[in-house]
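Below is one structure, written out as structure tokens; the observations come after it.
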Amino acid sequence: MSELKRTPLFPEYEKYGAKTIDFGGWDLPVQFSSIKQEHEATRTKAGLFDVSHMGEIRIQGDDSLAFLQKMVTNDVSKLKPNRAQYTFMCYEDGGTVDDFLIYMLKEKDYLLVVNAANTDKDYEWLVQHQEHESVTIENVSDNYALLALQGPKAEEILQALTETDLSQIKFFGFQTDVQIGSVKDTALVSRTGYTGEDGFEIYIDQAAGARLWNELLDSGKDEGLVPVGLGARDTLRFEANLPLYGQELSKDISPIEAGLKFAVKVDKAAEFIGKDILKKQVEEGPTRKLVAIEMIDKGIPRTGYDVLVGEDKIGFVTSGTQSPTLKKNIGLALVDSKYTEVGTELFVQVRKRQLKSVIIKKPFLSK
Amino acid sequence: MNLPNDLLYSEEHEWVKKEGNKVRIGITDFAQDELGDIVFVELPEVGEEIDADEPFGSVESVKTVSELYAPVSGTVVEINEELEDSPEFVNESPYENAWMIVVELSDEAELDKLLSPEAYQAFVEED
């Protein structure tokens, strides 16, 4: 077995009581105190996440826009400098290569922030499809530490450490050269996240990551800031119905099936990989759709459990847990489009038993 | 690690307390700490037969499901119904409030295969 990879923050975990796990080849904290406490802190105050394992791929050059337009489903021509856009990269058959943010640093200069486990695959997919375009494609993942500061107190906590007026950074906007606390390197700060809360993602030179982490935690302590692990990151994103690659999206699940049409612009001027199938799915409706379910019988739906109507398997659970905020046993399931109306009763195979659930409105939690 | 002296332990991290020809069963402090916040406990029904080393129920944390493996064979004569509404007892009080089932033993000799507190501690530490 190969050695697990570590982020620049790894040496800091222990003093905050982290329990680490192997997450796609990375040795990352699943929790610091408890998933429930960290979840609650992020919803009501603030949480700090080390997400330095995320991959960064930089695309520059005269044809960078045209190249990206070919590779991804969203309309990158709408993106302006200092703005980020959520998008998918798809296969010809509409399945998903990855979902990620594109940051437009300046004209002809973009940064893709991709799922850690997909970084090498994405990079190779991009390189493979570079034809005549004049672009450079660079995997710069090792350059960055990435911290996410999330929660209703996030702005107040970060503002106390910087002269940059954070209120000027709008949702999905970002600013570069932000000086934070006594950290010498400047950071790129975007108003983005994966929790359903207000907050920021902070990109900084990997060597400065630990210092930034410790200063944020010290400074935010009185506001209730705590370090948060992957366990609560997952429950937070799940309650907000943000998809997780490998569960709601995969090479076998298209973004249209996952209900994420807003980032698939089938009518944009440029041709893009997967367009024909995705356009057909938009026009005719996909044969499977992602629905939200709540358990009526006692039990928790989990990833991979079968969903049944009578004896027939009509789909499967993509994510499920007991929601720490709502205290309900809820899940997302990809099911046959015939059974997607709110109020429909579906059965979930939980080990030996078939337990009753009902389709409810998405999202579980809205702000 | 809290390991009461008057209990026996299994390699699947259950504790067993002998009460006449019956035993009371729960999971260890080590197990609850590894699992994290417990949000659901699934137990058998009174009257069900359970077999040693076979699953008899499950505990679910926010993140995972873990099967409970029977440390002994026998008939379930009592279950802790309070765990249905208060699964957090497993974290807060693994040896007292969070007992799970009481089993009437079908073969008392099975108890000899269980571990003493010292042996269980050594087992956990080498893991």
Residues (touching a Leu at 6+ places or on another chain (Cβ under 8 Å) and of a type in the set (F, W, Y)) located in region B:39-53:
none
Please determine whether any residue of region B:52-65 is touching a residue at least 12 places away in the same chain (Cβ under 8 Å), closer than 18 Å to B:A122 by Cβ and not small (G, A, S).
no
Total residues in region B:61-85, condition under 26 Å from A:V30 (Cβ atoms), more than 14 Å from the chain's Cα centre (by Cα) and not polar (S, T, N, Q):
3
Please name all residue pairs, on different chains or six or more residues apart, with Cβ atoms under 8 Å, provided the first residue is in region B:81-95 and is within 12 Å of another protein chain (Cβ to nearest Cβ) and the second residue is basic (K, R).
B:E84/A:K298
From the residues in region A:108-135 that are among the aromatic types (F, W, Y) and crowded, with 18+ Cβ neighbours inside 10 Å, which one is nearest to A:Y203 (Cα to Cα)?
A:Y110
B:P44 within 14 Å of chain A (Cβ to nearest Cβ), at negative phi and open to solvent by less than 20 Å² (accessible area, probe 1.4 Å):
yes
With the checklist (1) open to solvent by 40 Å² or more (accessible area, probe 1.4 Å); (2) in the same structural domain as A:Y203 (by TED's automatic domain parsing) in hand, flag the one item A:S34 doesn't pass.
(1)
Somewhere in region A:42-51, is a residue within 14 Å of chain B (Cβ to nearest Cβ), open to solvent by 20 Å² or more (accessible area, probe 1.4 Å), touching a strand residue (DSSP E or B) at 6+ places or on another chain (Cβ under 6 Å) and touching a residue at least 24 places away in the same chain (Cβ under 8 Å)?
no
If you scan region A:329-366, which residues turn out to be modelled with pLDDT of 95 or more, surrounded by 14 or more Cβ atoms within 10 Å (Cβ to Cβ) and not in a strand (DSSP E or B)?
A:S337, A:Y339, A:T340, A:T344
Report the residue count in region A:11-27 for those that are open to solvent by less than 50 Å² (accessible area, probe 1.4 Å) and either closer than 18 Å to A:T119 by Cβ or at pLDDT below 95 (or both).
4
Of the numbered conditions (1) within 14 Å of chain A (Cβ to nearest Cβ); (2) touching a helix residue (DSSP H, G or I) at 6+ places or on another chain (Cβ under 7 Å), B:A98 satisfies every one except a single condition; which is it?
(1)
A:N74 passes all but one of the listed conditions (1) farther than 17 Å from A:G193 by Cβ; (2) assigned to a strand (DSSP E or B); (3) within 20 Å of the chain's Cα centre (by Cα); the exception is number (2)
In region A:302-321, anything within 14 Å of another protein chain (Cβ to nearest Cβ) and either over 25 Å from the mean Cα position of the chain (by Cα) or open to solvent by 50 Å² or more (accessible area, probe 1.4 Å) (or both) is listed as A:T303
Out of all the residues in region A:85-107, is one or more open to solvent by 50 Å² or more (accessible area, probe 1.4 Å), more than 14 Å from chain B (Cβ to nearest Cβ) and touching a Leu at 6+ places or on another chain (Cβ under 8 Å)?
no
Please verify whether region B:26-35 includes one or more residues that are part of a strand (DSSP E or B), more than 14 Å from chain A (Cβ to nearest Cβ), closer than 24 Å to B:N5 by Cβ and open to solvent by less than 50 Å² (accessible area, probe 1.4 Å).
yes
Among A:P324, A:P286, which is more than 14 Å from chain B (Cβ to nearest Cβ) and either crowded, with 16+ Cβ neighbours inside 10 Å or within 21 Å of the chain's Cα centre (by Cα) (or both)?
A:P286
Restricting to region A:54-68, and then to whatever is open to solvent by 10 Å² or more (accessible area, probe 1.4 Å) and not small (G, A, S), can you tell me which residue is nearest to the other protein chains (Cβ to nearest Cβ)?
A:M54
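The values are calculated or read from the model by the stated rules, or taken from the named source; none is laboratory data. What you see is a predicted model, and the numbers here were worked out from it, not measured in a lab. Positions of Cβ are generated from backbone atoms using ideal geometry, with glycine treated the same way; all protein chains shown enter the neighbour counts. Please note that ligands, DNA and RNA were not included when accessible areas were found on the heavy atoms of the full protein model with its side chains. Shrake-Rupley method; radii C 1.70, N 1.55, O 1.52, S 1.80 Å.
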